Structures are given as C-alpha cells and as structure tokens.
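These notes concern the structure reproduced below.
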Amino acid sequence: MERKGFNSTFGMIMAAVGSAVGLGNIWRFPYIVGTNGGGAFLLIYIIFSFIIGVPLLMTEMLIGRKAKSDAVDSFKKLAPKKKWYVSGGLGALAAFLILSFYGVVAGWSLDYVFKAATNQFAGKSAAEIEALFTNFITAPIRPIICTFIFLAITMIIVKAGVERGIEKVSKVLIPLLLIIVFLLGVRGIFLDNGVEGLKFLFIPDFSKLTMPGVLAALGHSFFSLSLGMAIMITYGSYVKEDENIASSAFKIAIFDLLVAVFAGVAIFTAVFSFGLEPGQGAGLVFVTLPNVFPVMPGGYLFGVAFFVLLSLAALTSTISLLETSVAFGVDSLKMSRNKASWLSAVLIFLIAIFCSLSNGSAFPFKFFGKSLFDFLDHITANYMIVLAALIEVIFIGWGYRKTEVFNELTNNGKLKFNLKNAYYIAVKYIIPIAMILILLSSFGILKSA
Ligand code: TRP
C-alpha cells in the first residue's frame, strides 16, 4: 500500500491548483463572462463554484484517497461489480476532446510568447492588435505547428510520469502567475475608463442572464476546477491520510477563483479602455492584454512573463488532461503506457488540426451552427463533464455507505467537520437535482433554438 504522496499540504494544494489553474481561468473564463453579459454571470459562477464545485471536489478527492487508484479503477474498487466506473470512461472521452481544442489555445499562447519577446505589440493600435491575432489563428499552418510543439512537450512529460514534477513546478509557478495577473489587474484599473470594466464584471444585470448562460456557468465551474474527469480522483489518491479534505478543497477553489477574477479585472478594464468588444468570444485575452503591456512600466518584460506563465499554466493542465486519456488506455484498454501515450497524443493532434483549421473561413463544416473549435468547447464543458460529475455525486450519495463517506471526510473521526451532514444532503439531493434540471432545460432550449 506504499503510494508516493505529496510532500506537504501546500504542495498538494498547489499541484491540484496546477491542474485547475490554466487556460480555463485566463482564457476561457473572461471570454464566457464577456459573451454572457458580465456581472450576473460572475455571481452565479461563484455560487456554483462553492455550492456545487467544492462538494464535488471533495467527493473526487475522497474517492481517490479511499481507493488509492486511478479514475476508473477507483470506482471498481469501491463498488465492485457495479457500473459506476462509466463515469471515468465518459470523463476520459471528454478529456480527450477537451485537449483537442485546449491544445490549440495552448499553441496560441506559445506563439504569443514569441510575439511578446520580439516586441510585436509596441506601437500598434487596438485594431492592429486584433488583426495580428485574427490573421494568426486563421492561418493554415503556423497555429498547427504551435499546437504540435505544445502537445509534443505534453506527451514527453506524460510518458515519463509526472507526479513529483507537477508538485515542484506548481509550487513556484502558480503563486507567480497569481502575482502577475494581480499586477495586470491593478494596472488595468488605472487605465482611462478602466472602471467601466469593473462595473461590467462586478455589477450584476440579471436581464442579460439566459438559461444556456446558467449552464455555461455550471459547466465552467467544473471545467475550471478540473472536475468530472477524475483528475482530482487521481490527485486525491496521493493525498495523505491526515490531510483535511474539506479545507483543501475550499482553498483550491479560492485560489482558482482568484486567478480567474484577477484575469477578468485585467481583461475587462482593458476592453473598456481600448473600446473593444467584451462579447467577442475566444480571442478575448489575446486581443486585450497586448494593448496594456506597451502602456505599463516594464511592459515588455511583463508581456513576455505573462505569456510564458500562461503557457506553463496551460502545460500543467494539458499534462493532467493527457494523463486522463493515457490512464484510460492503460487501465481499461490494457495498452502499454508508451503505446497509450503515443496513440492518444496522435489522435488528439489530428482532431486539433481540424479545430485549428475550423477557425479559418475556408473550413466548410459547421456543427450545430458552430465551428468545430467552439462546438467541442461547448459540448465538453457544458454537457460531458457535467454528466460525468453527476454520476459521481449519485454514486457517493446513493451507491456508497454514508459512514464510509463520513469517516473519510473526518479522517476516521480525528477531525471535526461540522458541515458533514450539509455536505451529504447536498451530494445526495440538492446537487443532482440542480444539475439534472439545468441539463434538461438546456437540452430543451437547444431543441427549440
Ligand atoms: N482546469 C483546467 C483549466 O482551467 C483545465 C483542465 C485541466 C481540466 N484538467 C482538466 C478540465 C480536467 C476538466 C477536467 O484550464
């Protein structure tokens, strides 16, 4: 039963945060806040993160620590001869598809390291900076090469095995990223009109909130915390027996939220100051922040550092995403680790090629009116991981013994956890019902739209 663990509570939290904090916080969060109208979306996002996200994170961590195994196998250990492990399979498929578009964006951030380093933002108007981005992502070759490089690095690391490395790297990287994003936010507040951005982000206007927007908030809270794909089950399996699961989950969620909110502040203050469109979609980060760097002290270094850190934050996440599908190949399809790594990476890269091409106007295929890139982003985050997570809560609430759950949460009675009954009621009734309602109504709306 000797299993390598994380060295310290801080290290464990930073490793989990390393998976959680990524493009989801800095690229995806601001852009969906923008397309969903701002403050009201942020508010329900925060509510979902704490009322649904945190209990779910606790659930995954406790499953992992209890079973001490990977995603699929953990379910099999805790409930032999039952089918709960399909949740793991669904999660693996989602991870696979997520990486296909996430890898493309990671490639963009890599390219932007280069753009920042060669000073390509200086002296450009907002429109020119936007054109720089659009020309780049709609080009046929360059973004694909960047994606290739990024996925290749990810694969090399995953093939070698990563647990220890992730902890070390995340401990330094993630706090640094938080500081940089914070400083960018502070700079943003002092831009002309920057305050308008704060109003957009923090003053809720509920008339702008739609049902698909509510689902997007739920989906993103899972996406951002790396839930529904059993990543946190795997990480949970490395958590020590005397660790307090509830408080760790809470800290991880706070960290994740802080990075996202600071990124939101940095981006929306710039959007309003430079007269850009908040609801423009997936390009948002890449067309806003490059306006800010040239007008801040040390902006050149800041720009380079920002995209380097963004790429590294993306890397700790792509590692956890690839690891999910590799683990599935190894455990469920009985492949060697080598073969599973190669096969997943190659297949993901093939889909990523089409994702990248789908951003260009010459690409003829649409999926429910969306580009392949937007479509995969939408269905994985809003449906697939929500469904996989739903199975997990139903398992813990209905398919598993309550006393075992409580023992795991309180470290066999050593910790006091006053909210354990509230947690249990949430997991058993409230969360599943809320998730089913949101999913159903969104399916309904999808049909009528
Ligand atoms: N949470 C990461 C982000 O915000 C993305 C991610 C990494 C993820 N691993 C995951 C999302 C597993 C869902 C499941 O960028």
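Worth pointing out:
- Conditions (1) within 18 Å of Thr210 (Cβ to Cβ); (2) open to solvent by less than 50 Å² (accessible area, probe 1.4 Å); (3) under 25 Å from the mean Cα position of the chain (by Cα); number of the one not met by Leu437: (2)
- Within segment 300-325, the set of residues being within 13 Å of the ligand (Cβ to nearest atom) and either in contact with a Lys or Arg (Cβ under 7 Å, 6 or more places away or on another chain) or not aliphatic (A, V, I, L, M) (or both) comprises Ser311, Thr316, Ser317, Thr318, Ser320, Glu323, Thr324, Ser325.
- Given (1) more than 22 Å from Ile385 (Cβ to Cβ); (2) surrounded by 24 or more Cβ atoms within 10 Å (Cβ to Cβ), number of the condition Asp111 does not satisfy: (2)
- Pairs are defined by a Cβ separation below 6 Å, a sequence spacing of at least 6 or placement on different chains, a first member in segment 85-98 that is under 12 Å from Leu322 (Cβ atoms), and a second member that is of a type in the set (Ser, Thr, Tyr) and within 12 Å of the ligand (Cβ to nearest atom); the pairs so defined are Ala92/Thr324; Ala92/Ser325; Ala95/Thr324; Ala95/Ser325; Phe96/Ser325; Ile98/Thr380.
- Residues satisfying the stated conditions in segment 354-378, i.e. of a type in the set (A, V, I, L, M, F, W, C) and farther than 18 Å from Phe29 by Cβ: Phe354, Cys355, Leu357, Ala362, Phe363, Phe365, Phe367, Phe368, Leu372, Phe375
- Unmet criterion (only one of (1) surrounded by 17 or more Cβ atoms within 10 Å (Cβ to Cβ); (2) farther than 22 Å from Asp256 by Cα) for Lys171: (2)
- All conditions but one from (1) surrounded by fewer than 21 Cβ atoms within 10 Å (Cβ to Cβ); (2) in contact with a helix residue (DSSP H, G or I) (Cβ under 8 Å, 6 or more places away or on another chain); (3) among the polar types (S, T, N, Q) apply to Ser100; the one that does not is (1).
- So Phe222, is it away from the ligand (no atom under 11 Å from the Cβ) and in contact (Cβ under 8 Å) with a residue 40 or more places away in the chain: no
To keep it simple, each residue is scored yes or no on (1) out of contact with any Pro (no Cβ under 8 Å at 6 or more places or on another chain); (2) closer than 17 Å to Leu191 by Cα.
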residue	(1), (2)
Leu276	yes, yes
Val285	no, yes
Pro290	yes, yes
Met296	yes, yes
Phe306	yes, no
Leu312	yes, no
Leu315	yes, no
Thr324	yes, no
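- Qualifying residue in segment 292-299 (condition: farther than 30 Å from Val86 by Cα and within 16 Å of the ligand (Cβ to nearest atom)): no
- Residue-level check: of (1) over 17 Å from the mean Cα position of the chain (by Cα); (2) within 22 Å of Asp377 (Cβ to Cβ), Ala92 misses just (1).
- The residues of segment 235-265 that are in contact with a Ser or Thr (Cβ under 8 Å, 6 or more places away or on another chain) and closer than 26 Å to Phe114 by Cβ amount to a single one, Ala260.
- Some residue of segment 378-399 being acidic (Asp, Glu) and either free of Cβ contacts under 8 Å to residues at least 24 places away in the same chain or open to solvent by 10 Å² or more (accessible area, probe 1.4 Å) (or both): no
- Restricting attention to segment 8-22 and to residues that are part of a helix (DSSP H, G or I) and of a type in the set (Val, Ile, Thr), the residue that is farthest from the ligand (Cβ to nearest atom) turns out to be Thr9.
The values are calculated or read from the model by the stated rules, or taken from the named source; none is laboratory data. Computed from a prediction, not measured in an experiment: that's the story for all the values here. For neighbour counting, all protein chains shown are included, and Cβ atoms are generated from backbone atoms with ideal geometry for every residue, glycine included. In case anyone asks, the SASA skips ligands and DNA or RNA and just uses the protein heavy atoms, side chains included. Shrake-Rupley method; radii C 1.70, N 1.55, O 1.52, S 1.80 Å.
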